[in-house]
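Data block below; observations after.
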Amino acid sequence: QVQLVESGGGLVHPGGSLTLSCGASGNLFSIYSMGWYRQAPGKERELVAEITTSSSTTYADSVKGRFTISRDNAKNTMNKVYLQMNSLQFEDTAVYYCYADARFAYEGNYWGQGTQVTVSP
């Protein structure tokens with residue numbers, strides 16, 4: 001199993017920046033990728049960004065050029081990822097959920113507790 005702990009959410013003005021972090025513990029060898037989904041009130045959960053063990057990245061079109069996902073490369077396993085969010089917009093307001101894809105252990109996704117990001121004047 002994998003446990004995830006997120007941090008870094010908060011309130012920011014439009015155009016501002018925030019960095020989210022997500023630390024993983026447990027069976028790190030099971031992790032193929034980590035990333036974030038977000039869910040705004042009344043909307044479905046959507047993928048924001050993902051990074052794989054080979055450091056390949058994927059971004060939602062709405063955040064390309066503004067958000068950057070990175071990982072802690074100090075270890076060979078995936079143990080911590082970061083989401084640098086710049087030029088934040090009202091539409092980025094949501095609860096951001098970290099996840100880990102544990103397919104190497106034939107398991108599904110593990111989820112963090114979620115962290116609120118609010119973009120407001």
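Numbers below:
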quantity: Positive-end extreme of charge dipole, the chain - chosen from 55, 118, 88 (charges on Cβ); calculated: 55
quantity: Residues in the stretch 22-49 reached by a label modelled at residue 104 [backbone nitrogen below 17 Å; 7 Å Cα→Cβ]; calculated: 23-35
quantity: 5 angstrom amide H check on residue 16, placed H, neighbours 5+ away; calculated: 88
quantity: Cα-based convex hull volume of the stretch 39-92 per residue, rounded to whole Å³; calculated: 89 Å³
quantity: Alpha-carbon Rg/Rh ratio, for the stretch 1-49, with Rh computed the Kirkwood way; calculated: 1.03
quantity: Candidate aspartates and glutamates - alpha carbon under 18 Å from residue 64, same-chain residues fewer than 8 apart omitted; calculated: 46, 50, 91, 92
quantity: Summed residue charge, Cβ within 15 Å of residue 55's Cβ, Lys/Arg positive, Asp/Glu negative; calculated: 0
quantity: Taking the convex hull of Cα positions in the chain, its mean projected area over all directions (nm²); calculated: 7.0 nm²
quantity: The stretch 24-89 - percent relative contact order, Cα under 8 Å, separation 6 or more; calculated: 30 percent
quantity: Calculated FRET value between residue 116 and residue 75, using beta carbons and R₀ = 30 Å, to 0.05; calculated: 0.55
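Every read-out reported here was derived from the displayed coordinates using simple, explicitly stated rules and does not represent laboratory data. The model shown is predicted, which means the values in this text are computed figures rather than measured ones. Using ideal geometry, Cβ is built from the backbone for each residue, glycine included, and neighbour counts are taken over all protein chains shown.
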